[in-house]
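Asker: My questions all concern the structure below.
The values are calculated or read from the model by the stated rules, or taken from the named source; none is laboratory data. Every value quoted in this text rests on a predicted model; they were computed, and no experiment measured them. Please note: Cβ atoms are built from the backbone with ideal geometry, for glycine as well, and neighbour counts cover all protein chains shown.
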Amino acid sequence: MAQEAATRRAVLPGLAVTVVAAAAGYAVAGSSSAADAKPATAAANGGGTAPGAQGVLAQLADVPQNGGLVLRDSGIVLTRDGGDNVQGFSAVCTHQGCTVSSVAQGQIICPCHGSRFDAATGQPVAGPARKQLPPVNVSVRDGAVFGA
Ligand code: FES
């Protein structure tokens, strides 16, 4: 009995160390995520490079004609004309780095300060952004949109 209590006491400090280490690991992971976001921030108003895109990005049927689809996880916005032509652009607004929110009426829309970009070219057409959304190479095959 006394030995069991002693063992429990010995385990608890070890558990506390584990919890602290886990919390520290989380903080480091959070910092790493912030560091990963830097390329997107660097793209704001600086041109920068578009995110890489590989494999299937979306099913063509999920990209509305005369509209588009924002792939938040990939940082890419896909736009589609009235047919099956799909364009890809960085979804990171070139004004201050917000992620664009939607595509409507031939324009890619940033919700933060109202910048709008031409859905066919990525060029800014309204709002404070002055630089084009960097293009991302995509292609359509077999009913799916692929990264180049
Ligand atoms: S970040 Fe997009 S308009 Fe400002």
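Asker: Within region 131-148, take every residue that is outside any strand (DSSP E or B) and under 19 Å from the mean Cα position of the chain (by Cα) and give me the one that is farthest from Cys93 (Cα to Cα).
Answerer: Ala148
Asker: Quickly run through region 94-130 and pick out the residues that are touching a helix residue (DSSP H, G or I) at 6+ places or on another chain (Cβ under 9 Å) and assigned to a loop (DSSP other than H, G, I, E, B).
Answerer: Hits for region 94-130 are Thr94, Gln96, Gly97.
Asker: Also, quick follow-up: State the number of residues belonging to region 93-121 that are within 6 Å of the ligand (Cβ to nearest atom), surrounded by 24 or more Cβ atoms within 10 Å (Cβ to Cβ) and more than 12 Å from Val77 (Cβ to Cβ).
Answerer: Within region 93-121, residues that are within 6 Å of the ligand (Cβ to nearest atom), surrounded by 24 or more Cβ atoms within 10 Å (Cβ to Cβ) and more than 12 Å from Val77 (Cβ to Cβ) number 1.
Asker: Still on this structure: Write out, first by first residue and then by second, each pair whose Cβ atoms fall under 8 Å of each other, whose residues are 6+ apart or on separate chains, and whose first residue, in region 55-71, is assigned by TED's automatic domain parsing to the domain that holds Gly122 and closer than 13 Å to Asp81 by Cβ while the second is among the hydroxyl-bearing types (Ser, Thr, Tyr) and part of a strand (DSSP E or B).
Answerer: Val63/Thr79; Gly67/Thr79; Gly68/Thr79; Gly68/Ser102
Asker: What are the pairs with Cβ atoms under 7 angstrom where one residue, in region 107-118, is touching a residue at least 12 places away in the same chain (Cβ under 8 Å) and the other, located anywhere, is of a type in the set (D, E, K, R) and more than 6 Å from the ligand (Cβ to nearest atom)? Sequence gap at least six, or different chains.
Answerer: Short answer, once both residue conditions are applied: Gln107/Arg116; Gln107/Asp118; Ile108/Arg116.
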